[in-house]
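**Student:** I have a structure I would like to understand better, so I am pasting it below and will then ask my questions one at a time.
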Amino acid sequence: MSDEEITVNTPLPSYQALERAGLIPKLGMPLVPTLISIVFPLFITMAAMPFLQIKAYLIMLICIPTLGFIWVATKDDDQALTIMGYTLKWLLMRRNYYLFGKTNTILATKYGRQKDDYAQFFEKINGKTEQYEYKPYER
């Protein structure tokens, strides 16, 4: 056994276990998306049961392609659904993308271009800096 003292800063082999998603054993599918794809149609089926009677169970068939997609997408990478989610989020957040050649262009803002943008910080610190005058950097 080693005589080294273990402190808070001692690196221990964790293999990033806390960063990994919980997986269903032997299938390798992430637990939360799999349960959501089963439970959500189940609740819809239960709500439709008074109206559709036995036909409401057909709603549960939507689980089959959903679970198939999850299994295929996460076969090699358990974070694939997270990456797809972020991609979809940024796709939906694009605004006026067609004005810039259908790309994700980040527009510059006005902040930092005016003297008043900087002067307000100096006024808040103390009363001595109110006379501060902004002079732009000259080459």
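**Student:** Identify the single condition in (1) exposed (fewer than 13 other Cβ atoms within 10 Å of the Cβ); (2) in a helix (DSSP H, G or I) that residue 4 does not satisfy, given that it satisfies every other one.
**Tutor:** Single failed check for residue 4: (2).
**Student:** Okay, next question. Confirm whether residue 61 is in a helix (DSSP H, G or I) and surrounded by 13 or more Cβ atoms within 10 Å (Cβ to Cβ).
**Tutor:** On the way: in a helix (DSSP H, G or I): yes; surrounded by 13 or more Cβ atoms within 10 Å (Cβ to Cβ): no.
It is false that residue 61 is in a helix (DSSP H, G or I) and surrounded by 13 or more Cβ atoms within 10 Å (Cβ to Cβ).
**Student:** What number of residues in segment 56-81 are of a type in the set (Val, Ile, Thr) and in contact (Cβ under 8 Å) with a residue 40 or more places away in the chain? Give the steps one after another, and end with the answer.
**Tutor:** So in segment 56-81, the residues of a type in the set (Val, Ile, Thr) come out as 59, 62, 64, 66, 70, 72, 74.
This time we only want the ones that are in contact (Cβ under 8 Å) with a residue 40 or more places away in the chain, so: 70, 74.
Within segment 56-81, residues that are of a type in the set (Val, Ile, Thr) and in contact (Cβ under 8 Å) with a residue 40 or more places away in the chain number 2.
**Student:** Please work out which residue is farthest from residue 19 (Cα to Cα), limiting yourself to segment 48-81 and to residues that are at pLDDT 90 or above and of a type in the set (S, T, N, Q).
**Tutor:** The selected residue is 53.
The values are calculated or read from the model by the stated rules, or taken from the named source; none is laboratory data. Here the structure is a predicted model, which is why all the values come from computation and not from measurement. Don't worry about glycine lacking a Cβ; one is built from the backbone with ideal geometry, like all the others, and counts go over all protein chains shown.
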